[in-house]
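Engineer: So that we are looking at the same thing, I have put the structure below in structure tokens.
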Amino acid sequence: MTAHDVATPDSTATPDSTATLDGTAARLARLEAERDIQRTFVRFFRLVDTRRYERIAAECLTPDAELDYHVPELHRLRGHDEFTRHMLTQVAPRSQMAAHVPGLAVVDWDSGGQPHLSAYTTAWHWYTAHAHRGDLRPADWTTIGLIEDAYRHHDGRWLIARRRVTPVAGLVAAGSPPPPSPADPADPR
């Protein structure tokens, strides 16, 4: 918008200034959406790291979210119930602590107006199997993953509709691979 496009109380908006204002409103709406997307992205990791597993799906995922984790092994999770069950029955019993450090995230919009976020994230894990070594020990396993998300506006919020996590530069950045997961009776593998 240029200085002569701004409508003052004494003037009326011209068609050119209305188009500029509409364009400005669209850019502002996109910036607000990207801010909300970034907040959801970070909130997801904060809830994992603070072990509030039962809140993640409702606060960060669409009800029909599809999540594919290829770290440390393939996990395909569909919807709130399956994701929450996995976190409570597979992750919680094995995980003493976790710390996720997301790198800079980029939000791109496809031609259909769908936002996609991509970022590298370093994940530090401490397992209950090694808790006897104390809380102030090096992480048992550290990895770097590429997060690729698709977001959808749902109930007034931008939530993760699809997530794919793949390892970057190998499965392990430091430490040893995590202990094998116990069999999940709901997992068809």
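The values are calculated or read from the model by the stated rules, or taken from the named source; none is laboratory data. Note that the structure is a prediction, hence the values are computed from the model and not measured. Reconstructed Cβ throughout: ideal geometry from the backbone, glycine too, with neighbour counts over all protein chains shown.
Engineer: If you check Tyr120 against the conditions, is it touching a residue at least 24 places away in the same chain (Cβ under 8 Å), in contact with a Phe, Trp or Tyr (Cβ under 7 Å, 6 or more places away or on another chain), surrounded by 15 or more Cβ atoms within 10 Å (Cβ to Cβ) and of a type outside the set (Gly, Ala, Ser)?
Structural biologist: On the way: touching a residue at least 24 places away in the same chain (Cβ under 8 Å): yes; in contact with a Phe, Trp or Tyr (Cβ under 7 Å, 6 or more places away or on another chain): no; surrounded by 15 or more Cβ atoms within 10 Å (Cβ to Cβ): yes; of a type outside the set (Gly, Ala, Ser): yes.
When the stated conditions are applied, Tyr120 does not pass them.
Engineer: Could you give me the residue pairs with C-beta distances under 8 Å whose first residue belongs to the range 18-42 and is over 11 Å from Leu159 (Cα atoms) and among the hydrophobic types (A, V, I, L, M, F, W, C), whose second residue is surrounded by 12 or more Cβ atoms within 10 Å (Cβ to Cβ) and at pLDDT 95 or above wherever it lies, and which are 6+ apart or on separate chains?
Structural biologist: Val42/Pro102
Engineer: Then there's this: When Arg137 is evaluated against the numbered criteria (1) touching a residue at least 60 places away in the same chain (Cβ under 8 Å); (2) over 24 Å from Leu31 (Cα atoms), which criterion, by number, is the only one it fails?
Structural biologist: Only one criterion is unmet by Arg137, namely (1).
Engineer: Condition first: crowded, with 17+ Cβ neighbours inside 10 Å and more than 19 Å from Thr128 (Cβ to Cβ). Now tell me which residues in the range 48-68 satisfy that.
Structural biologist: The answer is Ile56, Ala57, Cys60, Leu61, Thr62, Ala65, Glu66, Leu67.
Engineer: Kindly list the number of the only condition in (1) within 24 Å of His86 (Cα to Cα); (2) at pLDDT below 95; (3) crowded, with 16+ Cβ neighbours inside 10 Å that fails for Ala173.
Structural biologist: Condition not satisfied by Ala173: (1).
Engineer: Moving on to the next point. With (1) without any contact (Cβ under 8 Å) to a residue 40 or more places away in the chain; (2) over 21 Å from Ala33 (Cα atoms); (3) surrounded by 14 or more Cβ atoms within 10 Å (Cβ to Cβ); (4) under 18 Å from the mean Cα position of the chain (by Cα) as the list, and Val101 as the residue in question, which single condition is left unmet?
Structural biologist: Tallying (1) without any contact (Cβ under 8 Å) to a residue 40 or more places away in the chain; (2) over 21 Å from Ala33 (Cα atoms); (3) surrounded by 14 or more Cβ atoms within 10 Å (Cβ to Cβ); (4) under 18 Å from the mean Cα position of the chain (by Cα), Val101 fails exactly one: (3).
Engineer: Go through (1) touching a helix residue (DSSP H, G or I) at 6+ places or on another chain (Cβ under 7 Å); (2) over 17 Å from Pro72 (Cα atoms) and name the single condition Arg94 misses.
Structural biologist: If we test Arg94 against (1) touching a helix residue (DSSP H, G or I) at 6+ places or on another chain (Cβ under 7 Å); (2) over 17 Å from Pro72 (Cα atoms), just (2) comes out false.
Engineer: Every residue in the range 142-168 that is of a type in the set (Val, Ile, Thr), over 12 Å from the mean Cα position of the chain (by Cα) and part of a strand (DSSP E or B), please.
Structural biologist: Thr142, Thr143, Ile144, Thr166
Engineer: So is Ala105 among the aliphatic types (A, V, I, L, M) and over 18 Å from Glu148 (Cα atoms) or not?
Structural biologist: Details: among the aliphatic types (A, V, I, L, M): yes; over 18 Å from Glu148 (Cα atoms): no.
So Ala105 fails the test.
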